[in-house]
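*Asks:* For reference, the structure I am asking about is given below.
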Amino acid sequence: MRVSFAALDLNRTGALVAFIADNGALSATAERLDKVTDGAVSRAAKASRFRGAANRTLSILSPSGIKAARLLLVGLGKAAEFDAVAAQNLGGTIVAALGTAGDEVASVAIDPVSGSKLSAAEFAANAAYGALLRSYRFDRYRTREKAEDKPTLKSITVMVRDPAAARKAFGPLAKVAEGVFLTRDLVSEPANVLYPVSFAARTRALAKLGVQVQVLDRKQMEKLGMGALLGVAQGSAHEARMVALRWNGAPRARNKRPIAFVGKGVTFDTGGISIKPAANMEDMKWDMGGAGVVTGLIHALAARKAKVNAVGVIGLVENMPSATAQRPGDVVKTMSGQTIEVINTDAEGRLVLSDALWWCQERFRPHTVIDLATLTGAIIISLGHHHAGLFANDDKLADWLITAGKATGETVWRMPLDEAYDEQVRSDIADMKNVGGRDGGSVTAAKILQRFIQDGVAWAHLDIAGVTWSSKDKPTVPKGGTAFGVRLLDRLVSDHYEG
(Lines give C-alpha, C1' and ligand atoms only; values in the text may rest on other atoms or scores of the structure.)
Protein backbone atom coordinates (compact mmCIF):
# COMPACT_ATOMS: atom_id res chain seq x y z
CA MET A 1 0.00 0.00 0.00
CA ARG A 2 1.27 3.46 -0.90
CA VAL A 3 1.63 6.00 1.89
CA SER A 4 2.16 9.72 1.27
CA PHE A 5 1.95 13.02 3.15
CA ALA A 6 0.30 16.29 2.16
CA ALA A 7 -1.04 19.53 3.60
CA LEU A 8 -4.53 19.56 5.06
CA ASP A 9 -7.16 19.67 2.31
CA LEU A 10 -10.79 18.62 2.69
CA ASN A 11 -11.47 18.84 -1.04
CA ARG A 12 -10.63 15.15 -1.63
CA THR A 13 -12.37 12.14 -3.12
CA GLY A 14 -12.44 8.57 -1.84
CA ALA A 15 -12.59 8.13 1.92
CA LEU A 16 -11.87 10.99 4.29
CA VAL A 17 -10.86 10.26 7.89
CA ALA A 18 -11.19 12.55 10.92
CA PHE A 19 -10.97 11.99 14.67
CA ILE A 20 -13.07 12.40 17.78
CA ALA A 21 -11.68 12.33 21.33
CA ASP A 22 -12.94 10.04 24.08
CA ASN A 23 -15.12 12.76 25.60
CA GLY A 24 -16.89 13.26 22.29
CA ALA A 25 -14.95 16.41 21.42
CA LEU A 26 -14.44 16.82 17.69
CA SER A 27 -10.97 17.42 16.31
CA ALA A 28 -10.45 20.73 14.49
CA THR A 29 -10.95 18.99 11.14
CA ALA A 30 -14.00 17.10 12.36
CA GLU A 31 -15.53 20.42 13.44
CA ARG A 32 -14.92 21.88 9.96
CA LEU A 33 -16.46 18.79 8.39
CA ASP A 34 -19.46 19.04 10.68
CA LYS A 35 -20.08 22.57 9.43
CA VAL A 36 -19.68 21.85 5.71
CA THR A 37 -21.88 18.73 5.96
CA ASP A 38 -24.62 20.67 7.77
CA GLY A 39 -24.11 18.80 11.07
CA ALA A 40 -23.82 15.28 9.65
CA VAL A 41 -20.85 14.46 11.87
CA SER A 42 -22.44 15.43 15.17
CA ARG A 43 -25.80 13.92 14.22
CA ALA A 44 -24.22 10.57 13.29
CA ALA A 45 -22.16 10.47 16.49
CA LYS A 46 -25.19 11.32 18.59
CA ALA A 47 -27.42 8.74 16.90
CA SER A 48 -24.91 5.92 17.42
CA ARG A 49 -22.98 4.53 20.36
CA PHE A 50 -19.82 6.13 19.03
CA ARG A 51 -18.27 8.33 21.71
CA GLY A 52 -14.66 8.56 20.58
CA ALA A 53 -13.28 5.54 22.45
CA ALA A 54 -9.88 4.49 21.14
CA ASN A 55 -9.98 2.61 17.84
CA ARG A 56 -13.77 2.71 17.50
CA THR A 57 -15.05 3.82 14.11
CA LEU A 58 -18.17 5.32 12.58
CA SER A 59 -18.69 5.45 8.81
CA ILE A 60 -20.89 8.04 7.08
CA LEU A 61 -21.63 7.28 3.43
CA SER A 62 -21.97 10.00 0.78
CA PRO A 63 -22.23 13.01 3.11
CA SER A 64 -23.41 16.17 1.41
CA GLY A 65 -21.12 19.16 1.24
CA ILE A 66 -17.86 17.30 0.50
CA LYS A 67 -16.46 15.33 -2.43
CA ALA A 68 -15.52 12.29 -0.35
CA ALA A 69 -17.73 9.25 -0.87
CA ARG A 70 -17.18 8.16 2.72
CA LEU A 71 -16.42 9.98 5.95
CA LEU A 72 -14.80 7.75 8.56
CA LEU A 73 -14.74 8.97 12.14
CA VAL A 74 -12.17 7.31 14.39
CA GLY A 75 -11.96 7.47 18.18
CA LEU A 76 -8.75 8.92 19.64
CA GLY A 77 -9.33 7.70 23.16
CA LYS A 78 -7.99 9.60 26.17
CA ALA A 79 -5.58 12.38 25.21
CA ALA A 80 -3.36 11.80 28.23
CA GLU A 81 -2.79 8.21 27.08
CA PHE A 82 -2.22 9.09 23.44
CA ASP A 83 1.32 8.09 22.45
CA ALA A 84 3.15 6.65 19.44
CA VAL A 85 1.69 3.16 19.90
CA ALA A 86 -1.82 4.63 20.16
CA ALA A 87 -1.23 6.58 16.94
CA GLN A 88 0.03 3.43 15.21
CA ASN A 89 -3.04 1.55 16.36
CA LEU A 90 -5.27 4.26 14.89
CA GLY A 91 -3.51 3.91 11.54
CA GLY A 92 -4.04 0.18 11.63
CA THR A 93 -7.69 0.65 12.61
CA ILE A 94 -8.23 2.87 9.58
CA VAL A 95 -6.85 0.23 7.21
CA ALA A 96 -8.94 -2.47 8.89
CA ALA A 97 -12.09 -0.37 8.47
CA LEU A 98 -11.43 0.68 4.87
CA GLY A 99 -9.38 -2.21 3.51
CA THR A 100 -12.19 -4.08 1.78
CA ALA A 101 -14.90 -1.40 1.98
CA GLY A 102 -14.57 -0.43 -1.67
CA ASP A 103 -12.54 2.77 -1.42
CA GLU A 104 -9.25 2.79 -3.33
CA VAL A 105 -7.84 5.94 -1.74
CA ALA A 106 -8.15 7.44 1.72
CA SER A 107 -7.08 10.78 3.16
CA VAL A 108 -6.45 11.09 6.89
CA ALA A 109 -6.66 14.53 8.51
CA ILE A 110 -4.25 14.92 11.44
CA ASP A 111 -4.70 17.66 14.03
CA PRO A 112 -2.70 18.24 17.23
CA VAL A 113 -4.09 16.29 20.18
CA SER A 114 -4.45 18.60 23.16
CA GLY A 115 -3.00 16.96 26.27
CA SER A 116 -0.71 14.58 24.38
CA LYS A 117 3.09 14.89 24.21
CA LEU A 118 2.96 13.71 20.59
CA SER A 119 3.30 16.47 18.01
CA ALA A 120 1.02 16.53 14.98
CA ALA A 121 3.93 15.46 12.73
CA GLU A 122 4.75 12.54 15.05
CA PHE A 123 1.08 11.60 15.15
CA ALA A 124 0.98 11.62 11.36
CA ALA A 125 4.17 9.56 10.96
CA ASN A 126 3.08 6.93 13.46
CA ALA A 127 -0.45 6.71 12.05
CA ALA A 128 1.07 6.11 8.63
CA TYR A 129 3.39 3.49 10.12
CA GLY A 130 0.50 1.67 11.75
CA ALA A 131 -1.50 1.78 8.52
CA LEU A 132 1.44 0.29 6.63
CA LEU A 133 1.92 -2.48 9.18
CA ARG A 134 -1.76 -3.45 9.08
CA SER A 135 -1.81 -3.51 5.26
CA TYR A 136 0.41 -6.62 5.17
CA ARG A 137 -1.01 -9.71 3.46
CA PHE A 138 0.53 -13.09 2.73
CA ASP A 139 -1.44 -14.22 -0.29
CA ARG A 140 1.10 -15.65 -2.71
CA TYR A 141 -0.54 -19.10 -2.70
CA ARG A 142 -4.14 -17.94 -3.18
CA THR A 143 -5.29 -18.56 -6.74
CA ARG A 144 -9.10 -18.32 -6.46
CA GLU A 145 -9.75 -15.55 -3.98
CA LYS A 146 -13.11 -13.85 -4.48
CA ALA A 147 -12.97 -10.25 -5.63
CA GLU A 148 -15.02 -9.08 -2.64
CA ASP A 149 -12.42 -10.57 -0.27
CA LYS A 150 -9.50 -8.72 -1.83
CA PRO A 151 -8.42 -5.35 -0.42
CA THR A 152 -9.58 -2.35 -2.39
CA LEU A 153 -7.58 0.28 -0.52
CA LYS A 154 -4.43 1.06 -2.48
CA SER A 155 -3.15 4.31 -1.03
CA ILE A 156 -3.39 6.54 2.02
CA THR A 157 -2.51 10.22 2.15
CA VAL A 158 -1.83 11.53 5.63
CA MET A 159 -2.64 15.23 5.78
CA VAL A 160 -0.93 17.41 8.37
CA ARG A 161 0.16 21.03 8.73
CA ASP A 162 3.85 20.15 8.30
CA PRO A 163 4.01 17.23 5.85
CA ALA A 164 7.79 17.53 5.45
CA ALA A 165 8.36 16.92 9.17
CA ALA A 166 5.95 13.97 9.13
CA ARG A 167 7.64 12.52 6.06
CA LYS A 168 11.06 12.78 7.74
CA ALA A 169 9.80 11.04 10.91
CA PHE A 170 8.17 8.32 8.83
CA GLY A 171 11.33 7.48 6.86
CA PRO A 172 13.06 5.19 9.40
CA LEU A 173 9.73 3.70 10.47
CA ALA A 174 9.07 2.60 6.89
CA LYS A 175 12.44 0.83 6.87
CA VAL A 176 11.55 -1.00 10.06
CA ALA A 177 8.27 -2.01 8.41
CA GLU A 178 10.33 -3.61 5.63
CA GLY A 179 12.02 -5.76 8.25
CA VAL A 180 8.68 -6.62 9.82
CA PHE A 181 7.28 -7.70 6.45
CA LEU A 182 10.35 -9.82 5.71
CA THR A 183 9.92 -11.62 9.03
CA ARG A 184 6.20 -12.14 8.45
CA ASP A 185 6.94 -13.56 5.00
CA LEU A 186 9.48 -16.01 6.39
CA VAL A 187 7.25 -17.14 9.26
CA SER A 188 4.27 -17.60 6.93
CA GLU A 189 6.04 -19.74 4.35
CA PRO A 190 5.21 -23.48 4.35
CA ALA A 191 7.99 -25.87 5.29
CA ASN A 192 8.16 -27.42 1.83
CA VAL A 193 9.22 -23.99 0.55
CA LEU A 194 11.26 -22.70 3.48
CA TYR A 195 13.81 -25.20 4.79
CA PRO A 196 17.36 -24.61 6.04
CA VAL A 197 19.07 -24.31 2.66
CA SER A 198 16.34 -22.15 1.08
CA PHE A 199 16.11 -19.95 4.19
CA ALA A 200 19.87 -19.39 4.09
CA ALA A 201 19.62 -18.53 0.39
CA ARG A 202 17.02 -15.84 1.11
CA THR A 203 19.30 -14.11 3.61
CA ARG A 204 21.79 -13.38 0.84
CA ALA A 205 19.44 -10.67 -0.42
CA LEU A 206 20.51 -8.56 2.58
CA ALA A 207 23.91 -8.08 0.92
CA LYS A 208 22.25 -5.43 -1.26
CA LEU A 209 21.85 -3.34 1.90
CA GLY A 210 25.51 -3.69 2.85
CA VAL A 211 25.09 -6.68 5.17
CA GLN A 212 27.93 -9.22 5.19
CA VAL A 213 26.41 -12.70 4.85
CA GLN A 214 28.24 -15.86 5.90
CA VAL A 215 26.71 -19.34 5.57
CA LEU A 216 28.16 -22.48 7.18
CA ASP A 217 27.25 -25.87 5.72
CA ARG A 218 27.14 -29.22 7.47
CA LYS A 219 30.80 -30.08 6.93
CA GLN A 220 31.93 -26.73 8.31
CA MET A 221 29.73 -27.17 11.37
CA GLU A 222 31.04 -30.70 11.89
CA LYS A 223 34.59 -29.35 11.82
CA LEU A 224 33.63 -26.76 14.45
CA GLY A 225 32.12 -29.46 16.67
CA MET A 226 28.47 -28.40 16.59
CA GLY A 227 27.18 -31.79 17.68
CA ALA A 228 24.03 -30.48 19.39
CA LEU A 229 22.67 -28.56 16.41
CA LEU A 230 23.63 -31.30 13.95
CA GLY A 231 22.04 -33.91 16.19
CA VAL A 232 18.68 -32.21 15.74
CA ALA A 233 19.15 -32.08 11.97
CA GLN A 234 20.33 -35.66 11.43
CA GLY A 235 16.83 -37.09 10.92
CA SER A 236 15.97 -34.78 8.03
CA ALA A 237 16.71 -34.99 4.33
CA HIS A 238 17.36 -31.22 4.48
CA GLU A 239 20.85 -30.34 5.69
CA ALA A 240 21.39 -27.78 8.43
CA ARG A 241 22.84 -24.34 7.90
CA MET A 242 24.24 -21.64 10.16
CA VAL A 243 24.00 -18.05 8.93
CA ALA A 244 25.71 -14.89 10.18
CA LEU A 245 24.43 -11.47 9.10
CA ARG A 246 26.82 -8.65 9.97
CA TRP A 247 25.99 -4.95 9.80
CA ASN A 248 28.86 -2.56 10.54
CA GLY A 249 27.20 0.81 10.87
CA ALA A 250 29.00 2.38 13.82
CA PRO A 251 30.70 5.58 12.62
CA ARG A 252 34.49 5.64 12.99
CA ALA A 253 34.36 2.36 14.89
CA ARG A 254 33.97 -0.43 12.37
CA ASN A 255 35.99 -2.77 14.61
CA LYS A 256 33.92 -1.98 17.70
CA ARG A 257 32.48 -5.08 19.38
CA PRO A 258 28.94 -5.67 18.14
CA ILE A 259 25.63 -6.38 19.77
CA ALA A 260 24.48 -9.84 18.67
CA PHE A 261 21.06 -11.35 18.04
CA VAL A 262 20.70 -15.13 17.83
CA GLY A 263 17.62 -16.89 16.51
CA LYS A 264 16.29 -20.42 16.68
CA GLY A 265 15.50 -21.54 13.14
CA VAL A 266 13.68 -24.88 13.22
CA THR A 267 11.96 -24.64 9.85
CA PHE A 268 9.64 -27.49 10.79
CA ASP A 269 9.38 -29.30 14.10
CA THR A 270 7.70 -32.69 14.20
CA GLY A 271 9.24 -33.32 17.60
CA GLY A 272 11.52 -35.94 16.10
CA ILE A 273 11.31 -39.41 17.67
CA SER A 274 9.40 -37.79 20.56
CA ILE A 275 6.82 -36.91 17.94
CA LYS A 276 4.14 -34.31 18.53
CA PRO A 277 0.40 -35.06 18.32
CA ALA A 278 -1.04 -34.60 14.82
CA ALA A 279 -3.51 -31.89 15.88
CA ASN A 280 -2.16 -28.44 14.98
CA MET A 281 1.25 -29.77 13.97
CA GLU A 282 0.99 -27.60 10.86
CA ASP A 283 1.70 -24.63 13.13
CA MET A 284 5.23 -25.90 13.56
CA LYS A 285 6.24 -24.26 10.30
CA TRP A 286 6.77 -21.15 12.43
CA ASP A 287 9.17 -22.76 14.87
CA MET A 288 11.78 -20.71 13.01
CA GLY A 289 10.21 -17.50 14.32
CA GLY A 290 13.32 -16.45 16.22
CA ALA A 291 15.47 -16.77 13.11
CA GLY A 292 12.85 -14.85 11.15
CA VAL A 293 12.93 -11.98 13.64
CA VAL A 294 16.73 -11.81 13.60
CA THR A 295 16.71 -11.69 9.79
CA GLY A 296 14.05 -8.97 9.69
CA LEU A 297 15.81 -6.97 12.40
CA ILE A 298 19.15 -6.93 10.59
CA HIS A 299 17.29 -5.88 7.42
CA ALA A 300 15.67 -3.02 9.35
CA LEU A 301 18.95 -1.84 10.90
CA ALA A 302 20.74 -1.92 7.57
CA ALA A 303 17.86 -0.33 5.64
CA ARG A 304 17.67 2.65 7.98
CA LYS A 305 21.49 2.83 8.20
CA ALA A 306 21.56 2.34 11.95
CA LYS A 307 24.78 3.65 13.53
CA VAL A 308 25.61 0.40 15.26
CA ASN A 309 27.70 -2.70 14.76
CA ALA A 310 25.30 -5.62 14.94
CA VAL A 311 25.41 -9.28 14.02
CA GLY A 312 22.57 -11.73 13.57
CA VAL A 313 23.20 -15.47 13.85
CA ILE A 314 20.56 -18.05 12.96
CA GLY A 315 20.78 -21.80 13.38
CA LEU A 316 18.66 -23.51 10.71
CA VAL A 317 17.51 -27.13 11.02
CA GLU A 318 14.49 -29.33 10.38
CA ASN A 319 13.52 -31.74 13.17
CA MET A 320 12.19 -34.94 11.61
CA PRO A 321 11.72 -38.59 12.71
CA SER A 322 13.54 -41.16 10.58
CA ALA A 323 15.97 -44.06 10.78
CA THR A 324 18.78 -41.53 11.18
CA ALA A 325 17.09 -39.30 13.76
CA GLN A 326 18.62 -38.90 17.20
CA ARG A 327 17.02 -40.93 19.97
CA PRO A 328 15.94 -40.13 23.51
CA GLY A 329 18.92 -41.07 25.64
CA ASP A 330 21.54 -39.98 23.12
CA VAL A 331 24.35 -37.74 24.37
CA VAL A 332 25.58 -34.91 22.13
CA LYS A 333 28.69 -32.81 22.45
CA THR A 334 28.30 -29.10 21.86
CA MET A 335 30.82 -26.75 20.27
CA SER A 336 31.64 -25.47 23.77
CA GLY A 337 32.71 -28.96 24.82
CA GLN A 338 29.77 -29.38 27.21
CA THR A 339 27.64 -32.49 26.78
CA ILE A 340 23.86 -32.80 26.78
CA GLU A 341 21.77 -35.91 27.37
CA VAL A 342 18.77 -35.80 25.02
CA ILE A 343 15.79 -36.89 27.12
CA ASN A 344 13.16 -35.51 24.74
CA THR A 345 13.91 -34.87 21.06
CA ASP A 346 11.08 -32.30 21.01
CA ALA A 347 13.17 -30.05 23.26
CA GLU A 348 15.40 -29.33 20.28
CA GLY A 349 15.56 -25.53 20.33
CA ARG A 350 17.98 -25.38 23.22
CA LEU A 351 20.25 -27.83 21.38
CA VAL A 352 20.26 -25.62 18.29
CA LEU A 353 20.86 -22.45 20.30
CA SER A 354 23.65 -23.97 22.40
CA ASP A 355 25.90 -24.17 19.34
CA ALA A 356 24.58 -20.99 17.71
CA LEU A 357 25.21 -18.95 20.88
CA TRP A 358 28.69 -20.35 21.38
CA TRP A 359 29.76 -19.88 17.77
CA CYS A 360 28.40 -16.33 17.78
CA GLN A 361 30.51 -15.42 20.80
CA GLU A 362 33.63 -17.19 19.55
CA ARG A 363 33.37 -15.71 16.06
CA PHE A 364 32.22 -12.13 16.74
CA ARG A 365 33.08 -11.39 20.40
CA PRO A 366 29.88 -9.39 21.09
CA HIS A 367 29.44 -7.34 24.25
CA THR A 368 25.73 -8.24 24.40
CA VAL A 369 23.78 -11.25 23.14
CA ILE A 370 20.00 -11.43 22.82
CA ASP A 371 18.47 -14.67 21.61
CA LEU A 372 14.92 -15.24 20.43
CA ALA A 373 13.19 -18.58 20.21
CA THR A 374 9.78 -20.19 20.09
CA LEU A 375 11.27 -22.31 22.83
CA THR A 376 8.60 -23.62 25.20
CA GLY A 377 4.90 -24.21 25.47
CA ALA A 378 5.37 -23.50 29.16
CA ILE A 379 5.79 -19.78 28.48
CA ILE A 380 2.32 -19.74 26.91
CA ILE A 381 0.89 -21.31 30.05
CA SER A 382 2.66 -18.62 32.09
CA LEU A 383 2.02 -15.51 30.00
CA GLY A 384 -0.55 -16.42 27.37
CA HIS A 385 -0.24 -14.61 24.06
CA HIS A 386 0.30 -11.10 25.43
CA HIS A 387 3.94 -10.97 26.55
CA ALA A 388 7.17 -12.64 25.56
CA GLY A 389 9.10 -14.24 28.38
CA LEU A 390 12.28 -12.33 29.26
CA PHE A 391 15.23 -13.97 30.97
CA ALA A 392 18.42 -11.98 31.56
CA ASN A 393 21.72 -12.06 33.42
CA ASP A 394 21.94 -8.25 33.38
CA ASP A 395 19.42 -5.99 35.13
CA LYS A 396 20.14 -2.94 32.97
CA LEU A 397 19.60 -4.90 29.76
CA ALA A 398 16.37 -6.36 31.17
CA ASP A 399 15.09 -2.90 32.11
CA TRP A 400 15.94 -1.54 28.67
CA LEU A 401 14.05 -4.37 27.00
CA ILE A 402 11.01 -3.84 29.20
CA THR A 403 11.00 -0.11 28.39
CA ALA A 404 11.44 -0.75 24.65
CA GLY A 405 8.58 -3.24 24.82
CA LYS A 406 6.23 -0.67 26.28
CA ALA A 407 7.32 1.93 23.72
CA THR A 408 6.58 -0.38 20.78
CA GLY A 409 3.66 -2.42 22.07
CA GLU A 410 5.78 -5.60 21.96
CA THR A 411 5.77 -6.21 25.67
CA VAL A 412 7.97 -8.59 27.66
CA TRP A 413 7.73 -9.95 31.18
CA ARG A 414 10.83 -10.82 33.20
CA MET A 415 11.06 -14.36 34.51
CA PRO A 416 13.42 -15.80 37.16
CA LEU A 417 16.81 -17.41 36.60
CA ASP A 418 17.49 -18.70 40.11
CA GLU A 419 20.24 -21.26 40.62
CA ALA A 420 17.68 -23.56 42.25
CA TYR A 421 16.40 -24.49 38.78
CA ASP A 422 19.79 -25.91 37.78
CA GLU A 423 19.14 -29.05 39.75
CA GLN A 424 16.25 -29.94 37.44
CA VAL A 425 18.53 -30.25 34.39
CA ARG A 426 21.21 -32.30 36.10
CA SER A 427 22.04 -35.45 34.11
CA ASP A 428 23.31 -38.75 35.51
CA ILE A 429 25.65 -39.31 32.56
CA ALA A 430 26.32 -35.91 30.93
CA ASP A 431 26.87 -32.28 31.90
CA MET A 432 23.15 -31.63 31.62
CA LYS A 433 19.95 -33.01 30.17
CA ASN A 434 17.81 -31.10 27.72
CA VAL A 435 14.60 -31.06 29.79
CA GLY A 436 13.93 -30.44 33.45
CA GLY A 437 10.37 -31.71 33.79
CA ARG A 438 7.05 -29.87 33.56
CA ASP A 439 7.67 -27.63 36.55
CA GLY A 440 9.09 -24.28 35.45
CA GLY A 441 9.69 -25.55 31.95
CA SER A 442 10.45 -22.18 30.38
CA VAL A 443 12.88 -21.37 33.20
CA THR A 444 14.82 -24.63 32.99
CA ALA A 445 15.10 -24.17 29.23
CA ALA A 446 16.56 -20.71 29.78
CA LYS A 447 18.94 -22.09 32.41
CA ILE A 448 20.34 -24.47 29.79
CA LEU A 449 20.94 -21.58 27.40
CA GLN A 450 22.66 -19.58 30.14
CA ARG A 451 25.35 -22.27 30.33
CA PHE A 452 26.45 -21.26 26.84
CA ILE A 453 26.94 -17.57 27.65
CA GLN A 454 30.56 -16.63 28.22
CA ASP A 455 31.83 -14.59 31.17
CA GLY A 456 31.39 -10.85 30.83
CA VAL A 457 28.71 -11.03 28.12
CA ALA A 458 25.38 -9.34 28.86
CA TRP A 459 22.64 -11.76 27.79
CA ALA A 460 18.89 -11.85 27.41
CA HIS A 461 16.68 -14.67 26.18
CA LEU A 462 13.24 -13.93 24.74
CA ASP A 463 10.87 -16.89 24.64
CA ILE A 464 8.46 -15.82 21.89
CA ALA A 465 6.43 -19.02 21.60
CA GLY A 466 3.19 -17.28 22.56
CA VAL A 467 3.58 -14.15 20.45
CA THR A 468 5.07 -15.29 17.12
CA TRP A 469 1.69 -16.13 15.55
CA SER A 470 -1.68 -14.50 16.13
CA SER A 471 -4.98 -16.28 15.62
CA LYS A 472 -6.88 -12.99 15.33
CA ASP A 473 -6.40 -9.53 13.88
CA LYS A 474 -4.87 -6.79 16.01
CA PRO A 475 -4.66 -3.09 15.11
CA THR A 476 -1.22 -3.25 13.48
CA VAL A 477 -0.88 -7.02 13.17
CA PRO A 478 -3.14 -8.97 10.82
CA LYS A 479 -3.89 -12.57 11.70
CA GLY A 480 -0.84 -14.75 11.09
CA GLY A 481 2.87 -14.12 11.59
CA THR A 482 3.43 -11.17 13.92
CA ALA A 483 7.17 -10.46 13.55
CA PHE A 484 7.14 -9.80 17.31
CA GLY A 485 10.62 -8.65 18.26
CA VAL A 486 11.64 -6.65 15.20
CA ARG A 487 10.17 -3.38 16.47
CA LEU A 488 11.16 -4.15 20.06
CA LEU A 489 14.83 -4.77 19.28
CA ASP A 490 15.10 -1.98 16.73
CA ARG A 491 13.90 0.40 19.46
CA LEU A 492 16.39 -1.08 21.94
CA VAL A 493 19.23 -0.47 19.48
CA SER A 494 17.98 3.04 18.66
CA ASP A 495 17.69 4.05 22.29
CA HIS A 496 20.91 2.57 23.70
CA TYR A 497 23.41 1.25 21.17
CA GLU A 498 23.67 3.72 18.29
CA GLY A 499 26.23 6.50 18.02
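*Asks:* Which value, in Å² and to the nearest 10, is the accessible area of residue 119 when all protein chains are kept and the probe is 1.4 Å?
*Replies:* 50
*Asks:* Per residue, how much accessible area does the chain show when a 1.4 Å probe rolls over the protein heavy atoms, in square angstrom? Show your work: numbers first, answer last.
*Replies:* On the way: 20800 Å² over 499 residues.
Heavy-atom SASA per residue in the chain reads 42 Å².
*Asks:* A further question on this structure: Determine the calculated [θ] at 222 nm for the chain from helices alone, applying -39500 (n - 2.57) to every DSSP H run no shorter than 4 residues and normalising by the residue count; nearest 500 deg cm²/dmol.
*Replies:* On the way: 14 runs with 167 residues, N = 499.
Counting only the DSSP helices, I get -10500 deg cm²/dmol.
*Asks:* Relative to the longest principal axis of the chain, what angle (0 to 90°, nearest 10) does the C-alpha long axis of helix 120-134 take?
*Replies:* Tilt relative to the chain: about 60 degrees.
*Asks:* Now for a different question. Cβ under 15 Å from residue 319's Cβ, residue 319 left aside: what net charge do those residues give with Lys, Arg +1 and Asp, Glu -1?
*Replies:* Numbers: positive: 241, 264, 276, 285, 327, 350; negative: 239, 269, 282, 283, 287, 318, 330, 346, 348, 355.
Net charge around residue 319: -4.
*Asks:* Taking loop as defined by DSSP and a crowding limit of 16 other beta carbons within 10 Å, which chymotrypsin sites (Phe, Trp or Tyr not before Pro) in segment 104-187 fit? Could you put the intermediate results ahead of the total?
*Replies:* On the way: sites: 123, 129, 136, 138, 141, 170, 181; in loops: 136, 138, 141.
Those satisfying the criteria are 138, 141.
*Asks:* Now for a separate question. In whole Å, how far is the Cα centre of segment 412-491 from that of segment 195-227?
*Replies:* That distance is 24 Å.
*Asks:* Leaving out ligands, DNA and RNA, and with a 1.4 Å probe, what % of the accessible surface on the chain is carbon or sulfur? Working shown, then result.
*Replies:* Working: 10230 of 20800 Å².
Taking all protein chains in place, the chain shows 49 percent carbon and sulfur surface.
*Asks:* By its C-alpha gyration tensor, with a ≥ b ≥ c as the square roots of the eigenvalues, how is segment 134-252 shaped: rounded for a/c under 1.5, else prolate for a/b larger than b/c, else oblate?
*Replies:* oblate
*Asks:* Can you check what the net charge comes to around residue 82, using other residues whose Cβ is under 13 Å from the Cβ of residue 82 (Lys, Arg +1; Asp, Glu -1)? Present the calculation step by step, with values, prior to reporting the outcome.
*Replies:* Numbers: positive: 78, 117; negative: 22, 81, 83, 111, 122.
Surrounding charge for residue 82 is -3.
*Asks:* Skipping prolines and chain starts, which residues have an amide H placed within reach, meaning under 5 Å, of the one on residue 375, given they are 5 or more residues away or on another chain?
*Replies:* HN-HN under 5 Å from residue 375: 464, 465.
*Asks:* So, by mean Cβ neighbours within 10 angstrom, what's the order for 455-468, 426-439 with the highest one leading?
*Replies:* On the way: 455-468: 22.9, 426-439: 15.9.
Listed from highest to lowest mean packing, they are 455-468, 426-439.
*Asks:* If you take every DSSP beta bridge whose two residues both sit in the chain, what share of them, in percent to the nearest 5, is antiparallel? It would help to have the intermediate numbers written out before the result.
*Replies:* On the way: 29 of 74 bridges.
Antiparallel: roughly 40 percent of the beta bridges in the chain.
*Asks:* Relative contact order, percent, of segment 1-84 when contacts are C-alpha pairs under 8 Å separated by at least 6 residues? Write out the running numbers ahead of the final one.
*Replies:* Numbers: 143 pairs, mean separation 30.9, N = 84.
Normalised by residue count, the contact order of segment 1-84 is 37 percent.
*Asks:* Using θ = phi - 60° and the Karplus curve 6.51 cos²θ - 1.76 cosθ + 1.60, what whole-Hz ³J(HN,Hα) does each residue of segment 315-324 get, with Gly and Pro shown as x?
*Replies:* Those phi angles translate into x, 10, 9, 10, 9, 10, x, 6, 5, 9 Hz.
*Asks:* While we're here: Multiply the residue separation of residue 279 and residue 148 by 0.36 nm, subtract the distance between their alpha-carbon atoms, and state the gained length in nm to one decimal. Can you show the working numbers first?
*Replies:* On the way: separation 131, 0.36 × 131 = 47.16 nm, distance 3.15 nm.
Net length gain for the segment: 44.0 nm.
*Asks:* Could I ask something else about it? If you average 1/r over every pair of different alpha-carbon atoms in segment 359-499 and take one over that average, what Kirkwood value in Å do you get?
*Replies:* Numbers: mean 1/r = 0.0628 Å⁻¹.
Value: 15.9 Å, from the Cα pair sum.
*Asks:* Heavy atoms only, 1.4 Å probe, whole protein assembly: order 146, 285 by accessible area, highest first. Working shown, then result.
*Replies:* Working: 146 125, 285 45 Å².
Sorted descending by solvent-accessible area, the residues read 146, 285.
*Asks:* Could you rank the peptides 10-17, 372-379, 261-268, 56-63 by their average count of other C-beta atoms within 10 Å per residue, with the highest value first?
*Replies:* Packing order, densest peptide first, comes out as 261-268, 372-379, 10-17, 56-63.
*Asks:* Quick check: the distance between the Cα centres of segment 71-119 and segment 3-21, to the nearest angstrom?
*Replies:* If we compute the Cα centre of each part, the gap is 11 Å.
*Asks:* Accessible surface of residue 320 in the full protein assembly, 1.4 angstrom probe, to the nearest 10 Å²?
*Replies:* 60
*Asks:* Note down the relative contact order for the chain as a percent, whole number, built from C-alpha pairs under 8 angstrom at least six residues apart. Before the final figure, lay out each step's value.
*Replies:* Numbers: 1200 pairs, mean separation 73.5, N = 499.
So the answer I get is 15 percent.
*Asks:* If you rank 105, 176 by how much accessible surface each has, with a 1.4 Å probe, what is the order from largest down? Mind dumping the intermediate values first?
*Replies:* Numbers: 105 60, 176 5 Å².
Putting 105, 176 in descending order of accessible area: 105, 176.
*Asks:* Please compute the net charge surrounding residue 24, taking Lys and Arg as +1 and Asp and Glu as -1 over other residues with Cβ under 14 Å from its Cβ.
*Replies:* On the way: positive: 43, 46, 49, 51, 56, 78; negative: 22, 31, 34.
Here the count lands on +3.
The values are calculated or read from the model by the stated rules, or taken from the named source; none is laboratory data. None of these values were measured; they are calculated from a predicted model. Using ideal geometry, Cβ is built from the backbone for each residue, glycine included, and neighbour counts are taken over all protein chains shown. SASA here: full protein model, heavy atoms, side chains in, ligands and nucleic acids out. Shrake-Rupley method; radii C 1.70, N 1.55, O 1.52, S 1.80 Å.
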